[in-house]
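K.L.:
Shown below is the structure under consideration.
The values are calculated or read from the model by the stated rules, or taken from the named source; none is laboratory data. For clarity, every value in this text was computed on a predicted model and none was experimentally measured. Cβ coordinates were reconstructed from backbone atoms using ideal geometry, including for glycine residues, and neighbour counts include every protein chain displayed.
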Amino acid sequence: MTDRNANTGPRHSAGYIGRFAPSPTGPLHFGSLVAAIGSYLDARHVGGRWLLRIEDLDRPRCVPGATESIMTTLAHFGLDWDGDIVTQSQREEAYRAAFEHLQANAEVFPCACSRREIADSAIAPDGSRIYPGTCRNGLPQGRTARAWRVRVDDAIVVFEDRVQGPQRECLGDEVGDFVVFRADGQYAYQLAVIVDDAAAGVTDVVRGADLLNSTGRQLHLQRLLGITPPRYAHLPVVVNAAGEKLSKQTLAAAVDPLDPGAAWLAALRFLGQNPPDELETATLATIRDWAVRHWNIAAIPARIHSQASPFVPHTPTAGVPATNDDPRRQT
Ligand code: GLU
């Protein structure tokens, strides 16, 4: 076994490019606002660029009007992005080129297994199934390919997360060969996200810690495609009183665009920043400028989940456990 991905080097702040990459599955709630504010501040504190990408590959989960609603909310919260918005549904050619590169190097293989067929496999730390390798050496007789998976072999990924500290993942034991082209004909999130970040020159990914265990897969794909990895910072995920990640399924309330200052202050406190009391009555621009100047990533609690009192619905629903259970991210 080899340690293939050391990702600890310093980066020159003048070249900083960050991004916010929401999926248009509904309006922004407090959890997504925290990710937007964290990535925005990390970029602006060093005078960097901050890009907006709409991750709409998973069509059935996309909600009409959500993209416009997210854009309007970001504008109301003073979160001004740079350049043109990238939309993943327009980027198929770039994903295909990356996929064909993997194919040419025999890094991917067709897989006939349905979700039900791998349902008995071992369970990965994120709750998904570890692929048992059924089609790795060729499709079983009489079966046709549904999806394509990338080989992970014995790859071990190590990286230094700027918030969560040193990370190490043995992909063979913890994930298994994972899907890069899905049975529904879409490129998988894991491939699309690294292709898009590389194309935009993203140097720093700041996002929710629900994606921490996707990062090993992304570093593996970057290595296979010869892409220099960005630095990563995974922010604690906001959970409600029942310990559920805020999401549409847990009926998280949309943030109130009419009171952006209060939500900003709540987000700053959640991220361990220490806004002074006088900001309670300050304008949005004053709060934002204070936050840009005083941003301190070292103050963010190194936790995967954390509760925040305002904006969090207190009615437990039959909802989603606070794990990475999004079907886009399953192996
Ligand atoms: N689109 C993903 C989400 O909304 C975020 C992807 C990323 O930041 O890498 O959870």
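K.L.:
Are any residues in the range 97-145 closer than 29 Å to Ile227 by Cβ, at pLDDT below 95, more than 26 Å from the chain's Cα centre (by Cα) and not in a loop (DSSP other than H, G, I, E, B), and if so, which ones?
P.N.:
Answer for the range 97-145, where residues must be closer than 29 Å to Ile227 by Cβ, at pLDDT below 95, more than 26 Å from the chain's Cα centre (by Cα) and not in a loop (DSSP other than H, G, I, E, B): there is none.
K.L.:
Related question: Within the range 157-176, work out how many residues are farther than 30 Å from Trp295 by Cα and part of a strand (DSSP E or B).
P.N.:
Looking only at that region, the number is 1.
K.L.:
Something else: I need the full set of residues from the range 201-231 which are more than 10 Å from the chain's Cα centre (by Cα) and within 12 Å of the ligand (Cβ to nearest atom), in order please.
P.N.:
At the first step, the residues of the range 201-231 found to be more than 10 Å from the chain's Cα centre (by Cα) are 201-204, 216-231.
Val202, Asp204, Arg217, Gln218, Pro230, listed by residue number.
K.L.:
So which residues in the range 80-136 are touching a helix residue (DSSP H, G or I) at 6+ places or on another chain (Cβ under 8 Å) and on the phi > 0 side of the Ramachandran plot, if there are any at all?
P.N.:
If the condition is that a residue be touching a helix residue (DSSP H, G or I) at 6+ places or on another chain (Cβ under 8 Å) and on the phi > 0 side of the Ramachandran plot, then no residue fits.
K.L.:
Run Ala183 past the list (1) away from the ligand (no atom under 14 Å from the Cβ); (2) touching an Asp or Glu at 6+ places or on another chain (Cβ under 7 Å); (3) of a type in the set (A, V, I, L, M); (4) closer than 18 Å to Leu57 by Cβ and report the number of the one that doesn't hold.
P.N.:
(2)
K.L.:
Which numbered condition in (1) charged (D, E, K, R); (2) more than 22 Å from Gln186 (Cβ to Cβ); (3) assigned to a helix (DSSP H, G or I) is the only one that Asp154 fails?
P.N.:
With respect to (1) charged (D, E, K, R); (2) more than 22 Å from Gln186 (Cβ to Cβ); (3) assigned to a helix (DSSP H, G or I), Asp154 is out only on (3).
K.L.:
Search the range 51-67 for residues being more than 13 Å from the ligand (Cβ to nearest atom) and modelled with pLDDT of 95 or more, and hand back the single one that is nearest to Ala291 (Cα to Cα).
P.N.:
For the range 51-67, the residue satisfying everything is Gly65.
K.L.:
Mind checking whether some residue in the range 230-244 is of a type in the set (D, E, K, R) and over 30 Å from Gln218 (Cβ atoms)?
P.N.:
No.
K.L.:
Looking at the range 159-179, which of its residues are more than 14 Å from the ligand (Cβ to nearest atom) and in contact with a Phe, Trp or Tyr (Cβ under 6 Å, 6 or more places away or on another chain)?
P.N.:
Gln167, Gly176, Asp177, listed by residue number.
K.L.:
Being more than 16 Å from the chain's Cα centre (by Cα) and in a loop (DSSP other than H, G, I, E, B) is the filter; apply it to the range 47-61 and report the residue that is farthest from Pro24 (Cα to Cα).
P.N.:
Among those that are more than 16 Å from the chain's Cα centre (by Cα) and in a loop (DSSP other than H, G, I, E, B), it is Gly47.
K.L.:
For the range 13-32, give me the residue count where each residue is of a type in the set (A, V, I, L, M, F, W, C), in contact (Cβ under 8 Å) with a residue 40 or more places away in the chain and away from the ligand (no atom under 12 Å from the Cβ).
P.N.:
2
K.L.:
Please enumerate the residues belonging to the range 177-210 that are out of contact with any Ser or Thr (no Cβ under 9 Å at 6 or more places or on another chain), of a type outside the set (Val, Ile, Thr) and assigned to a strand (DSSP E or B).
P.N.:
Phe181, Tyr187
K.L.:
Can you go through Ile70, Ile85 and tell me which one is surrounded by fewer than 14 Cβ atoms within 10 Å (Cβ to Cβ), under 30 Å from Arg293 (Cβ atoms) and within 19 Å of the chain's Cα centre (by Cα)?
P.N.:
After applying the criteria, what remains is Ile85.
K.L.:
How about the range 88-106: which of its residues are of a type outside the set (A, V, I, L, M) and surrounded by 19 or more Cβ atoms within 10 Å (Cβ to Cβ)?
P.N.:
Residues satisfying the conditions are Gln88, Tyr95, Phe99.
K.L.:
Okay, next question. If you go through the range 250-270 one residue at a time, how many are part of a loop (DSSP other than H, G, I, E, B), at negative phi and either under 18 Å from the mean Cα position of the chain (by Cα) or not polar (S, T, N, Q) (or both)?
P.N.:
Summing the residues that are part of a loop (DSSP other than H, G, I, E, B), at negative phi and either under 18 Å from the mean Cα position of the chain (by Cα) or not polar (S, T, N, Q) (or both) in the range 250-270 gives 7.
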